[in-house]
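Participant: Please see the structure below; I have some questions.
The values are calculated or read from the model by the stated rules, or taken from the named source; none is laboratory data. None of these values were measured; they are calculated from a predicted model. Backbone-built Cβ (ideal geometry, glycine too); neighbour counts: all protein chains shown.
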Amino acid sequence: MLALEERHYNDFRKKNEDLRAFRHDYNFHIMVMQELAKHPNPDKLKNYVNDLSNIKEQVYYLSTNHPVSDAIVNYFYENSPQNVLFELEGKFPENIFVNDSDLCVILSNLLKNASEAVEKETSSRSPKIYISLYADTEYLSILIENTSTHLDSQIQNLTTTKADSLNHGFGLRNVKNIVNKYHGYLDLQHENNTFRATCYLRNIK
């Protein structure tokens with residue numbers, strides 16, 4: 001496993017266990033709140049609800065049904081500015097044909113680009129990062145969209161607007177190399193103030 005996944009995997013596995021425990025006790029929490037609602041002191045119910053809210057905040061995370069993508073997606077989710085709308089749609093099956101290191105390179109680089117783009121946004125009060133995932137036995141697709149009023153059509157050629165272009169240009173090139181490895185394609189588009197990266201991989205085994 002790569003360093004990014006190793007650094008966050010144990011943390012999110014712990015959160016997953018905490019979330020399962022919270023769901024297990026959910027009905028008991030409802031029962032307690034129903035009883036507290038009958039109590040003459042409303043602060044007791046208020047304090048209990050606040051405690052539950054704190055628990056939910058600690059255990060909540062976005063689930064892709066895969067430990068590597070869970071770690072990467074949630075790393076960028078937790079480190080995104082509070083005004084960013086971060087949305088995930090779709091999940092991977094338990095077993096996918098893409099190996100962990102390749103999946104890490106694709107997701108981490110595309111999400112890094114998306115995160116850096118929305119951090120620059122000043123024209124939108126609620127910049128957005130949207131992720132759509134799908135995989136079956138034949139192919140895997142990753143779609144990442146983000147609000148962007150800065151990029152232009154040159155991104156199609158895997159160029160970069162950063163000062164350190166020699167180093168930062170490798171990110172998307174690495175993604176493209178992995179896409180080629182799986183006989184897939186990488187489509188990058190920028191229109192209507194939205195940057196869209198679509199990655200499609202084929203099962204070559």
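Participant: Do we have SER132 as at pLDDT below 95 and either surrounded by fewer than 19 Cβ atoms within 10 Å (Cβ to Cβ) or out of contact with any His (no Cβ under 6 Å at 6 or more places or on another chain) (or both) here?
Facilitator: Values: at pLDDT below 95: no; either surrounded by fewer than 19 Cβ atoms within 10 Å (Cβ to Cβ) or out of contact with any His (no Cβ under 6 Å at 6 or more places or on another chain) (or both): yes.
For SER132, the condition - at pLDDT below 95 and either surrounded by fewer than 19 Cβ atoms within 10 Å (Cβ to Cβ) or out of contact with any His (no Cβ under 6 Å at 6 or more places or on another chain) (or both) - is not met.
Participant: Let me ask something else about it. Identify the residue in region 185-197 that is in contact with a Ser or Thr (Cβ under 9 Å, 6 or more places away or on another chain) and crowded, with 17+ Cβ neighbours inside 10 Å and, among all such residues, is modelled with the lowest pLDDT.
Facilitator: Ranking the candidates gives HIS190 first.
Participant: Of (1) closer than 25 Å to GLU89 by Cα; (2) modelled with pLDDT of 90 or more; (3) more than 19 Å from the chain's Cα centre (by Cα), ASN177 satisfies all except one. Which?
Facilitator: Here ASN177 clears every test but (1).
Participant: Name the helices (runs of 4 or more DSSP H) wholly within region 38-150 that hold at least 1 residues that are under 23 Å from LYS176 (Cβ atoms)?
Facilitator: Details: elements: 42-59, 67-78, 100-119.
Result: 67-78, 100-119.
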